[in-house]
Amino acid sequence: MRQQSEIQVTVRDSVIGGPLPLVCLPLVGDTRAKVLQEAEALVNLEPDLLEWRIDGYEHVEDMADCLSLLKEMRTIIGDTALIFTCRIDVEGGMCELSRETRLNLNSEAIKSGDIDIIDIELCNDRQFIDTIKDHTQKNGVKLILSYHNFVETPSEQIIYDKLVEAQTTGADISKFAAMPQNYGDVLSLFNATQKARNGAVQVPIVAMSMGPIGAVSRIAGGLFGSDITFGIGMQASAPGQIPIQELRSGMALLYEE
């Protein structure tokens, strides 16, 4: 049995940081019809979590439209836990949005009652993070604080420090994702994750190595302390994701309850 998180996070029927790493599928459609089609198809695949990457939606700057689509999506996905992500452009976002737009959209999504977890980046200013954190605490939504590097994998120490920083800044879940240049970078991610799990980080961890070289981390990351892996239902949201059926087959060889 893999080592569990000291502090576990429960959203609906999903326990993050528990006996098994969880599988999350992204919704990345750019139109209302595509988002709803994805939601219906992906919930039938029975993932542990879904993530709406709203930064890929064509009307992301129309607050009323976004919130009505979110509510319609919730009706379709029922009791499946939902992560809401409006990724900042400098860390892989699909469009460039103003700070005010992102802050308002995230805040209103939290207040809607239709999301369970929100993912924002550590690179946001402290006032932005504190505002979001305040809303999550008042509305029973869990907070992921994340770091993404699509160019390279920083040193093992930096990976560890970023996971600790997320927790210290107030995250319910610490997240780190980076692009490896070689397989040694994947080992650095695994080692830093394992050290964080056995060291200062008590909250659940999401740690991924991206691209083809890092694909092994999608399957085996849970052995080293990563508590959520992201697969493909219909479309990928990051390089190196694996179709959910193949992901589950690989994970079944490694994990036992």
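Bear in mind that the values in this text are calculations on the coordinates, not laboratory data. Because the structure is predicted, anything quoted here is derived from the model rather than measured. Methodologically, a virtual Cβ is constructed for each residue, glycine included, from the backbone with ideal geometry; neighbour enumeration extends over all protein chains shown.
Rg and Dmax of segment 1-67, both derived from C-alpha coordinates alone, stand at 15.0, 46 Å. Cα convex hull of segment 20-250: mean projected area in nm², to one decimal? Answer in nm², one decimal: 11.0.
Volume per residue of the convex hull around the Cα atoms, evaluated for segment 59-191, comes out as 118 Å³. With the simple model of a label 7 Å out from the Cα in the direction of the Cβ, C95 to N182 spans 4.1 nm.
Treating each Cα of segment 147-212 as an identical point scatterer and summing with the Debye formula, the log10 of I(q)/I(0) at q = 0.26 Å⁻¹ comes to -1.08. Total lysine pairs in the chain at Cα distances under 26 Å, for residues eight or more apart or on different chains: 21.
DSSP beta bridges confined to the chain are antiparallel in about 10 percent of cases. The distance linking segment 19-79 with segment 90-164 is 18 Å (Cα centroid to Cα centroid, whole angstrom). Against the chain, whose longest principal axis is taken from its Cα atoms, helix 156-169 shows a tilt of about 40°. Scaled against 2.2 N^0.38 Å for its residue count N, the alpha carbon radius of gyration of segment 158-257 is 1.03. Angle of helix 183-198 to the longest C-alpha principal axis of the chain, folded into 0 to 90 degrees and rounded to 10: 80°.
Residue farthest toward the positive end of the dipole of segment 20-250, with Cβ of Lys/Arg at +1 and Asp/Glu at -1: which of I219, N198, I83? Farthest along the dipole direction, towards plus: N198.
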